[in-house]
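Before any comments, here is the structure.
The values are calculated or read from the model by the stated rules, or taken from the named source; none is laboratory data. Values in this document were obtained by computation on a predicted structure and should not be read as measured data. With ideal geometry, Cβ positions are generated from the backbone for all residues, glycine too; neighbour counts draw on all protein chains shown. With ligands, DNA and RNA removed, areas are computed over all heavy atoms of the protein, side chains included. Shrake-Rupley method; radii C 1.70, N 1.55, O 1.52, S 1.80 Å.
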Amino acid sequence: MSFAEITNLFVSLAWGPWLVFLLVGAGIFFSVFSRFIPFLNLKKGFKYLFQKDRSSEGNISKYEALSSALSGTIGLGNIAGVALAVQLAGPGAVFWMWVTACLGIATKFFTCSLSVMYREKASDGTILGGPMYVIKNGLSSKWAFLAYFFAFFGMIGGLPAVQSNQMVQIISEFALPIFSIESQLIFNILCGLIIAVIAGTVIIGGLTRIAKASSWLVPIMGGLYVLTATFILLLNLGDVPRVIQIIFTDAFSGTSVAGGTLMSVIMYGIQRGAFSNEAGIGTEALIHGTARTNSPIKQGFVAMIGPIFDTLLICTATALVIILSGLWTSNEYSGVSLTAMSFEFFLGNTGIIVVFLCVVFFGISTIFTYSYYGSVCARFLFGPKGQKLYLYIFIATIIFFASISLDSAINIIDGSFAMMAIPTLISSIILAPKVIALAREFLLNEDSL
């Protein structure tokens, strides 16, 4: 068996039905067990987003934590991934992405509340959070192996394989003919080098600099993308109800997916939804656990509004434009090209430019956030020196991933994300009663906090 075949087997097993059921089952459990506390208090996430707490510890503000986490989820998965889902599984996959996002609201409330509850303060004053610290400080020593399990796969999953490669591919489609560079490899290396330099200036500055960059980059590019999609929908307002009807009808028919099975639509939609908002993977908890707050529940409320933006807003905007264009029914375009051509179908070159800019800036902001994911996992395993070394390796891999075929590497990284979900969800389910007890106490004394 070749290396490529091994990695294909790894990712297919990792993202098999068992993980989909685990992610969905955990979301249902958190929703029911909490008696729907996250959903009944959804407004509180927006209320606390910009609030400054008295006597609070943390590295970054609540808003910076959310924008940094969103910069990791609002990326190529919300533009290229949605296009792939619609093309391969049909419009019905979008409905199941919505279901995953709704359940992800409850999941993020629990995982991120726990990350603040069990975070640590390092000797240099840095606040450290994430599933590995939840396991280390919240569970008995017999569960410690799960913390190392998460951190190991977190280092791999945090590498910028998809982002670097796809950004260079998109740039080359636009810029290669302009600059008349004959060698694709040389062009890819040069692009990778430029991206590495730009990303490195932010990454080496640590989480604070990453959060500052994300806090303005995410709302500007996200706003541009959503406003452009909204403009297209307004121009075709009479057809929007038909598109929504197609989504709901196809969600329970399976006629559009290859193989024509309803389970294929459900499985693929849930899988893409999990990639879109990362609820239950544990990545979001790595950043939200460092926020300045005087209550873990406050940050849990802020974190749970993430799926509203990355899946219910960005993914929906992408899906509606693609379905409305009708281009998804052909095999002429795929992935990000399908999204770009769908925007061009309605707005001409302006549509392509908007998608190009958003993909490039979303891609680089995702690189910023992923560098923190991997480096904080490296710090857990190897200490501060290991964290610094990881960052330099991370920057070097931007160039490496920009210049090679990535099928095997992508499979390894996607599979690593699946492995990260295991310790995250196990620890969160075990400690769920602690979150509920603290949430009820918080809601009774909310005005004094």
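Amide hydrogen proximity for THR293: with H placed 1.01 Å from N in the peptide plane, the residues at 5 or more positions away or on another chain lying under 5 Å are GLU57.
Near SER61: Cβ cut-off under 13 Å, other residues only, Lys/Arg at +1 and Asp/Glu at -1. The net charge is +2.
Taking each residue as 0.36 nm, the span from GLN51 to PHE382 lengthens on full extension beyond its C-alpha to C-alpha distance by 115.7 nm.
Counting only protein heavy atoms and using a 1.4 Å probe, what share of the accessible area of the chain belongs to carbon plus sulfur, as a whole percent?
Numbers: 11890 of 17680 Å².
Result for the chain: 67 percent of the exposed heavy-atom area is carbon or sulfur.
Taking label points 7 Å from Cα along the Cα-to-Cβ direction, TYR392 and GLU441 give a separation of 4.5 nm.
Going by average Cβ density within 10 Å per residue, which order do the peptides 391-402, 432-443, 287-298 take, highest to lowest?
287-298, 391-402, 432-443
For the chain, a crude dipole built from +1 on the beta carbon of Lys and Arg and -1 on the beta carbon of Asp and Glu, taken about the Cα centre, is about 1520 debye to the nearest 20. Stretching PHE21 away from SER253 to a fully extended chain increases their span by 81.5 nm, per 0.36 nm per residue minus the current alpha-carbon distance.
Rolling a 1.4 Å sphere over the protein heavy atoms, what is the accessible area per residue of the chain, to the nearest Å²?
Numbers: 17680 Å² over 449 residues.
Accessible area per residue: 39 Å².
Judged by the mean number of other Cβ atoms found within 10 Å, the most tightly packed of the peptides 223-230, 189-196, 85-92 leads the ranking 85-92, 189-196, 223-230.
Each residue of segment 22-37 was assigned a 3J(HN,Hα) from its phi angle through the Karplus curve 6.51 cos²θ - 1.76 cosθ + 1.60 (θ = phi - 60°); the sequence is 5, 5, 5, x, 5, x, 5, 4, 4, 5, 6, 4, 7, 6, 6, 4 Hz, with glycine and proline shown as x.
Karplus-derived 3J(HN,Hα) values for segment 6-12, using 6.51 cos²θ - 1.76 cosθ + 1.60 with θ = phi - 60°, are 5, 5, 5, 5, 4, 6, 5 Hz; glycine and proline are entered as x.
Extension gain for PHE39 to LEU185 (0.36 nm times residue separation, less C-alpha to C-alpha distance): 47.6 nm.
Values (i) 0.94; (ii) 1.29; (iii) 1.46 are given for comparison; Cα Rg over 2.2 N^0.38 Å, derived from the coordinates here, is the one labelled (i).
Tell me what the chain gives for mean residue ellipticity at 222 nm when only DSSP H runs of n ≥ 4 count, each as -39,500 (n - 2.57), the sum divided by the residue total, rounded to 500 deg cm²/dmol.
On the way: 21 runs with 333 residues, N = 449.
-24500 deg cm²/dmol, from helical runs alone.
Accessible area of TRP96 (1.4 Å probe, protein heavy atoms only, ligands and nucleic acids ignored): about 40 Å². Each peptide in 63-74, 235-246, 5-16 was scored by the mean count of other Cβ atoms within 10 Å over its residues; highest first, the order is 63-74, 5-16, 235-246.
3J(HN,Hα) couplings calculated from phi for segment 346-353 with the Karplus curve 6.51 cos²θ - 1.76 cosθ + 1.60 (θ = phi - 60°) are, in sequence order, 9, 10, x, 4, 4, x, 5, 4 Hz; Gly and Pro show x.
Set the Förster distance to 22 Å, then compute FRET efficiency between LEU193 and ALA4 from the Cβ-Cβ distance, nearest 0.05.
Values: r = 27 Å, r/R0 = 1.23.
E between LEU193 and ALA4, to the nearest 0.05, is 0.25.
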